[in-house]
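**Q** My questions will all concern the structure given below.
No lab work stands behind these numbers, since they all come straight from the coordinates. Owing to the predicted nature of the structure, the values given are computational and were not obtained by experimental measurement. So basically every Cβ, Gly included, is an ideal-geometry build from the backbone, and we count neighbours across all protein chains shown.
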Amino acid sequence: MRCPHCGNNDDKVIESRTLADGEAIRRRRECINCTYRFTSYERTEDNYFMVIKRNGRREPFDRAKIERGVQRALEKRPVSQMVIEHIINEIEDQSAMLGKHNHEIDSTAIGGLVLEKLKDLDKVAYIRFASVYRHFENLEEFVQEIYKMGGEQKSGGQ
Ligand SMILES: [Zn+2]
């Protein structure tokens, strides 16, 4: 496939994964020329799915967008690239499952999946992602969310 970075036509497949019980196959490819890594999907036309955005517009599912959001949330956090790759795979797979029947999925459902993963993985990343994604109305709401995550922690009284 044509490299999106340098336009070269030679690449090697470095990973193939089946998504959502065989609905699609994702391949990670690396350009022979410039080593840029990109992703291709193989799916029957019926299994293609769209993401419904908050403004009601639809766009094709894009793993790279999820990757960017997750990477940004995890910036400078002590989480390895392998773990990040793994949770993105999971999010992608679960999105494909959810989008499988109606061929579309709400962007909020994807955001929910991301939040779920980050919550278990790294609290700081969770808060970062949540604050961007949920657009907390005000500081108080934001602080409440942090307290909720603290769980058993005793707050010094209010
Ligand atoms: Zn290239």
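**Q** Taking the highest mean first, how do the peptides 116-128, 28-40 order by number of other beta carbon atoms within 10 angstrom per residue?
**A** Going from most to least packed, we get 116-128, 28-40.
**Q** Right, something else. Taking amide H positions as placed in the peptide plane 1.01 Å from N, state which residues far from I105 in sequence (5 or more) or on other chains have amide H under 5 Å from it.
**A** Those qualifying (amide H under 5 Å, at least 5 residues apart or on another chain) are M50, V51, I52.
**Q** Still on this structure, please answer the following. Within region 49-75, list the residues whose amide N lies under 17 Å from a label point set 7 Å along Cα→Cβ of N102.
**A** What the label zone holds, given the 17 Å backbone N cut-off, is 49-61.
**Q** Among the listed pairs K53/K100; K76/K148; K65/K117; K12/K76; K76/K119, which have their C-alpha atoms separated by more than 20 angstrom in this model?
**A** Going by Cα-Cα distance, K76/K148; K12/K76 fall outside the 20 Å limit.
**Q** Residue separation times 0.36 nm, minus the C-alpha to C-alpha distance between R72 and L115: what's the value?
**A** 14.2 nm is the gain from fully extending R72 to L115.
**Q** Using a cut-off of under 17 Å, list every residue of region 106-125 whose amide N is near the label point 7 Å from the Cα of N55 along the Cα-to-beta-carbon line.
**A** Under cut-off, by backbone N: 107-108.
**Q** While we're here: By how many nm would the segment from M1 to N89 lengthen if fully extended, with 0.36 nm per residue of separation less the alpha-carbon distance?
**A** Extra length available between M1 and N89 comes to 29.5 nm.
**Q** Just how many % of Cα pairs in region 1-66 lie over 14 Å apart, if you round to the nearest whole percent?
**A** Roughly 64 percent, once rounded to a whole number.
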